[in-house]
Amino acid sequence: MKILTRYLVRTYLGMIATCLGALVAIYLVVDFLERFTKFSRAGAPLTALFPYFLCKLPEIISQTAPMAVLMGTILAIGTLAKNSEITAMRSSGISLVQIGRPLLATAALLSIILLLTEEFVTPAANEKLRYIEQVVVQKKGKAAFFRRNNIWHRDDNLILQAKLFNPETSTLSGITVWEFDHELQPVARLDAAAAIPAGGGWQLQDVTSRAFTPLGGVAAASKKTEFVKLDLVVADLKVAAKSAEDMGFRALLRYCQTLSDSGYDATRYLTLLHAKISLPFAALIMAFLGIPFSLKDNRSGGVGISIGISIIIGFSYFIINALLLSLGQAGALPPPVAAWAANLLFAGAGLWFTLTVDS
């Protein structure tokens, strides 16, 4: 079995690499044509295209790997069946379980590699990617920073810190605004529960203001609302919110804990947290579904049809998963259910194909 296992894994990895290369190439060509036009219109140096796509490569691979595994599974087993190698293995007393085991082990290893890539490579690459998009191409300054689990913004003599930004309602929560004099000495501080955009600034709600006197005294007052003029637009904050999505699992876990400890609703980010584990294992699910499915279909010679159906299955997974994640972020489903439901659903389909493959 060692020789057979090496042969199966080698064939399988070759097909996956071919499919992944083709999918990544198609993705890059389509995205290149779009980005080339945007870079040209913005007057950005075209030399920035190479580091841009180099930084985007980990994200592209993560998105296309499950489909590549599914197609590679179908093509590998289809090739073995076409050459009567599956029949020869079965005639030698090798079961379908023994045939599928090294393929599943390979897919599991790929899922672990994707998980580690999402944790250690993709966040740094995405941060550089956002910098190229916002600063090099769009010529924007870093108006809003998402660092140390907070949103920061500086505007002249004001510095704003916020715990949370909700892109759906364009609302900031957990706000502190510091005012400084020309010598960078604190003059006043505003603490607010929330803020909404208003013409030329933000309307703070449930405000506690503190004015600092030169002698070290503090004069405090409470207000229902207060307007603060800040050159901070919602688009900048959406970039900051995007940075949360680009965090690794550990950084996002710390952020969710900070939000929960501060009394804020972290449902949106908890869903993203669970998805960072569930999505890399989509590759294993695609293999688990593709192996018995292709064995059933290849027996009747429908390799081409099987590939087409598998592509439909792959897109169906991503559509269903995206829908479930949206429901989880909106609070309609518990975050673990929203993140893992698609995997469990398609794993169940793979189990049914496995149990009926010999029927």
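So which of Leu190, Leu237 ends up being under 20 Å from Asn157 (Cα atoms) and in contact with a Pro (Cβ under 8 Å, 6 or more places away or on another chain)? Show your work before the answer.
Working: Leu190 fails: in contact with a Pro (Cβ under 8 Å, 6 or more places away or on another chain).
Going through Leu190, Leu237 in turn, just one is under 20 Å from Asn157 (Cα atoms) and in contact with a Pro (Cβ under 8 Å, 6 or more places away or on another chain): Leu237.
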Failed condition for Arg35, given (1) modelled with pLDDT of 90 or more; (2) surrounded by 15 or more Cβ atoms within 10 Å (Cβ to Cβ); (3) within 23 Å of the chain's Cα centre (by Cα) | (1)
Going through the range 329-345 in order, the residues found to be at pLDDT below 95 and part of a helix (DSSP H, G or I) are Gln329
Return the only residue of Leu237, Leu289 being over 22 Å from Leu20 (Cα atoms), of a type in the set (A, V, I, L, M, F, W, C), surrounded by 14 or more Cβ atoms within 10 Å (Cβ to Cβ) and modelled with pLDDT under 95.
-> Leu237
Answer with yes or no whether Phe120 is exposed (fewer than 15 other Cβ atoms within 10 Å of the Cβ) and either over 30 Å from Pro292 (Cα atoms) or modelled with pLDDT of 95 or more (or both).
-> yes
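Got a number for residues in the range 46-92 being farther than 18 Å from Val24 by Cα and of a type in the set (Val, Ile, Thr)? Can you show your working first?
So the first thing to find is which residues in the range 46-92 are farther than 18 Å from Val24 by Cα, and the list is 46-48, 74, 76-92.
In the following step, the residues that additionally are of a type in the set (Val, Ile, Thr) were identified as 47, 74, 77, 79, 86-87.
Residues that pass the stated criteria total 6.
Can you tell me which residue is nearest to Leu324 (Cα to Cα) among those in the range 252-277 that are part of a helix (DSSP H, G or I) and in contact with a Gly (Cβ under 7 Å, 6 or more places away or on another chain)?
Restricting attention to the range 252-277, the residues satisfying the condition of being part of a helix (DSSP H, G or I) are 252-261, 267-277.
Next cut, in contact with a Gly (Cβ under 7 Å, 6 or more places away or on another chain) only: 267, 271.
Details: Thr267: 13, Thr271: 10 Å.
The selected residue is Thr271.
Please work out if Thr267 is touching a residue at least 60 places away in the same chain (Cβ under 8 Å) and among the polar types (S, T, N, Q).
Working: touching a residue at least 60 places away in the same chain (Cβ under 8 Å): yes; among the polar types (S, T, N, Q): yes.
Answer is yes for this residue.
Going by the structure shown, is Pro280 assigned to a strand (DSSP E or B) and either under 30 Å from Pro336 (Cα atoms) or within 31 Å of the chain's Cα centre (by Cα) (or both)? Break it down into steps so the answer makes sense when it comes.
Working: assigned to a strand (DSSP E or B): no; either under 30 Å from Pro336 (Cα atoms) or within 31 Å of the chain's Cα centre (by Cα) (or both): yes.
It is false that Pro280 is assigned to a strand (DSSP E or B) and either under 30 Å from Pro336 (Cα atoms) or within 31 Å of the chain's Cα centre (by Cα) (or both).
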Consider Ala322 carefully, then state whether it is crowded, with 17+ Cβ neighbours inside 10 Å and either under 20 Å from the mean Cα position of the chain (by Cα) or hydroxyl-bearing (Ser, Thr, Tyr) (or both).
-> no
So Ala44, is it farther than 17 Å from Ala107 by Cβ, among the hydrophobic types (A, V, I, L, M, F, W, C) and in contact (Cβ under 8 Å) with a residue 60 or more places away in the chain = yes
Failed condition for Gln257, given (1) buried (at least 18 other Cβ atoms within 10 Å of the Cβ); (2) not assigned by TED's automatic domain parsing to the domain that holds Ile175, with all others met?
-> (1)
Going by the conditions given, is Leu49 touching a Lys or Arg at 6+ places or on another chain (Cβ under 7 Å) and over 30 Å from Leu355 (Cα atoms)?
-> yes
Does Phe227 fit the bill of being farther than 24 Å from Leu327 by Cα, in contact with a Gly (Cβ under 7 Å, 6 or more places away or on another chain) and surrounded by fewer than 19 Cβ atoms within 10 Å (Cβ to Cβ)?
-> yes
Residues within the range 1-39 that are of a type in the set (Ser, Thr, Tyr) and in contact (Cβ under 8 Å) with a residue 60 or more places away in the chain, tallied | 3
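The values are calculated or read from the model by the stated rules, or taken from the named source; none is laboratory data. Note that this is a predicted model, so its numbers are computed, not measured. Glycine gets a Cβ as well: all are built from the backbone with ideal geometry, and neighbour counts include every protein chain shown.
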